[in-house]
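Novice: One structure coming up, written as C-alpha cells, with questions to follow.
The values are calculated or read from the model by the stated rules, or taken from the named source; none is laboratory data. Model, not experiment: these values are computed from the prediction. All Cβ positions, glycine included, derive from the backbone under ideal geometry; neighbour counts span all protein chains shown.
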Amino acid sequence: MKIEIITIGDEILSGDIIDTNKSWLSEQCWKLGFSVSYHTGIRDDEGDIQLALTQAATRSDIILCTGGLGPTADDFTIEIAAKTFGQPRILDESTIQYLEKWYAKRGRVMSENNRKQALVPQGCRVLTNRWGTAPGCQVEFRGKTFFFMPGVPGEMKGIFGESILPFLRTRCEGGLNFASVTLKTFGCPESDLDRKLSDLYEDRLNIQGVRVGFRARMPEVYIKLSAWAETADVAKANVACVRALVESRVGEFVYTDDDRSLAQVLVEAAIQKNKTFAIAESCTGGLIASRITDVPGASQVFLGGVTSYADAVKISILGVDTQTLQQHGAVSEACALEMVRGIYKLTGADFCASITGIAGPSGGSDDKPVGTVFLAYLMNGAESVEKHFFPFRREMFKNIVSSLVLRKFWQACR
C-alpha cells in the first residue's frame, strides 16, 4: 500500500514557513509499516490542486492532504477537491452546530465566511476538529482514499490521531508491529560511520532485516534502526540485536539513544560522578557555558566560565603572560595552556578546558588559517592540548568546537 502526502499553501512554496506536517505524517506512517512514496507541495492554485489530486489517484492508495481548509479567500482546497472528484458540496449541519458552539464558548459570533468550512463533498466522512474550526474529511475517489486536514500542525495532529490513525491501523499489512531506536553520535562523519558498517549490510538499507538510516544534524549524525515484525517483542529484539552490532563498530561516537542533548548527558554524568568543570572561552564566545547552563541542574557541577574574547581579558582575568601573546599569539598552544591554568586557578574545578581559535570569516593567516583552534584541558592534574582545523562557516565552527569540549568532559565522567 502506497501513501502520498500533499501539503497545500503559498506560505510553504514561498518559504515563509517550514513544512513540518509532511515530516510528522511520514513518521507516523513509517511506524505503522507503510511506505510513503511521494511528498507533494503545491501552492494555492486551482489548477495545481486539481493536477496533484488526480495524479495522486493514479499512483497512491491513501492520500493525506493538509492545508487550505480555513475561512479566508485563499482557503479553497475542499471546493477544488469536490469539483475534481465530481461531488457537489453540501452544508454539514453538525459542523455548523459545532462552529456556533465553538464561537459562543469564546464569547464571539461566528462570521459568515466561517460557514464555508461546513461545506463538504457529498457522501464524505466528516472528521471533527476539536482543536480548531476547520473540520477534516475523508473522500473516496477512483478506489483511492483521500484525507483532508487543516494545515495548522496542532489541529492536523489532533484529527490524524483521533480519526485517521485508527483507519490506517486496520490496513496495516499483516498487522506488523514497529520498533526503532535512534543513536545520536558526534565525532565521526556520516560517510565514515557508513563505511564502518558497510560489511554488515545485506543490501543498501538493511542489516539482518533491520532498516538503517542516517540523518545528518550537523555537527551530529543520527543513526536510526527500524524493524517491523509480527509481535512487538520480536521487533524490539531485532532492533536490539542490530544495535549491538552497530555499537560494536561505532559505539565510541554514540552518546545517547533518547531526546537528551550532549550537554544534558554531560551534566547528568557529572552529577552522578560528583565532578565539576569550568570553561575559559575565546572564539566560542560563551557558547559552551550557554549550552551547559541550558540544562536544569547544571549549577551542581558547572562552577563557571570566562569569555576572554579580548587579549586584555586573557591577561587580567586568566593570567595569560603578555610575552606569550607577543611570541605565540592568542591562537596558540601556549596561550591555550595558560588560559586553562587560569580558569583552574579561579575555580579549582575537576575538569577545566580552554578554547582559542579563529572562527572567521576573516582573521586568518598562512600559518593559522580560518578554522584553526586550540583546545587545552586540565583534568585531575594532567594537562593536554589539541589542535584542530574546521574550515566551516562561523556558526558551524563554534558548534563543532563546543561539542568537542562537551564530549571530552562527558568521556572523562564515564
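Novice: Considering only residues of the range 171-195 that are part of a helix (DSSP H, G or I) and either of a type outside the set (Gly, Ala, Ser) or in contact (Cβ under 8 Å) with a residue 12 or more places away in the chain (or both), which is surrounded by the most Cβ atoms within 10 Å (Cβ to Cβ)?
Specialist: Taking the candidates together, the pick is Leu193.
Novice: Out of the residues in the range 12-37 that are over 25 Å from Val210 (Cβ atoms) and surrounded by fewer than 16 Cβ atoms within 10 Å (Cβ to Cβ), which is nearest to the chain's Cα centre (by Cα)?
Specialist: Only one residue fits best here, namely Thr20.
Novice: Residues in the range 143-153: is at least one surrounded by fewer than 17 Cβ atoms within 10 Å (Cβ to Cβ) and closer than 19 Å to Ile62 by Cβ?
Specialist: Yes, some residue in the range 143-153 is surrounded by fewer than 17 Cβ atoms within 10 Å (Cβ to Cβ) and closer than 19 Å to Ile62 by Cβ.
Novice: Of the numbered conditions (1) among the basic types (Lys, Arg); (2) assigned to a loop (DSSP other than H, G, I, E, B); (3) over 21 Å from the mean Cα position of the chain (by Cα), Arg249 fails exactly one; give the number of that condition.
Specialist: (2)
Residues checked against (1) part of a helix (DSSP H, G or I); (2) of a type in the set (D, E, K, R); (3) surrounded by 11 or more Cβ atoms within 10 Å (Cβ to Cβ); (4) in contact with a helix residue (DSSP H, G or I) (Cβ under 8 Å, 6 or more places away or on another chain):
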{"residue": "Leu64", "(1), (2), (3), (4)": "no, no, yes, yes"}
{"residue": "Pro71", "(1), (2), (3), (4)": "no, no, yes, yes"}
{"residue": "Ala82", "(1), (2), (3), (4)": "yes, no, yes, no"}
{"residue": "Gln87", "(1), (2), (3), (4)": "no, no, yes, no"}
{"residue": "Ser94", "(1), (2), (3), (4)": "yes, no, yes, no"}
{"residue": "Glu100", "(1), (2), (3), (4)": "yes, yes, yes, no"}
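Novice: Determine which member of the set Gly364, Gly304 is of a type in the set (Gly, Ala, Ser), touching a strand residue (DSSP E or B) at 6+ places or on another chain (Cβ under 9 Å) and more than 23 Å from Ile400 (Cβ to Cβ).
Specialist: The unique qualifying residue is Gly304.
Every residue, every condition in (1) touching an Asp or Glu at 6+ places or on another chain (Cβ under 9 Å); (2) within 30 Å of Ser226 (Cα to Cα), yes or no:
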site: Lys31; (1), (2): no, yes
site: Ser37; (1), (2): yes, yes
site: Ala73; (1), (2): no, no
site: Tyr103; (1), (2): no, no
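Novice: Which of the residues that make up the range 225-256 are of a type in the set (D, E, K, R), within 30 Å of Pro391 (Cα to Cα) and surrounded by fewer than 15 Cβ atoms within 10 Å (Cβ to Cβ)?
Specialist: Once the filter is applied, which keeps residues that are of a type in the set (D, E, K, R), within 30 Å of Pro391 (Cα to Cα) and surrounded by fewer than 15 Cβ atoms within 10 Å (Cβ to Cβ), the range 225-256 yields only Glu252.
Novice: Quick one: would you say Thr284 is at pLDDT 95 or above, surrounded by fewer than 20 Cβ atoms within 10 Å (Cβ to Cβ) and touching a Gly at 6+ places or on another chain (Cβ under 9 Å)?
Specialist: no
Novice: Determine which member of the set Leu127, Leu168 is without any contact (Cβ under 8 Å) to a residue 40 or more places away in the chain, of a type in the set (A, V, I, L, M, F, W, C) and buried (at least 17 other Cβ atoms within 10 Å of the Cβ).
Specialist: The conditions single out Leu127.
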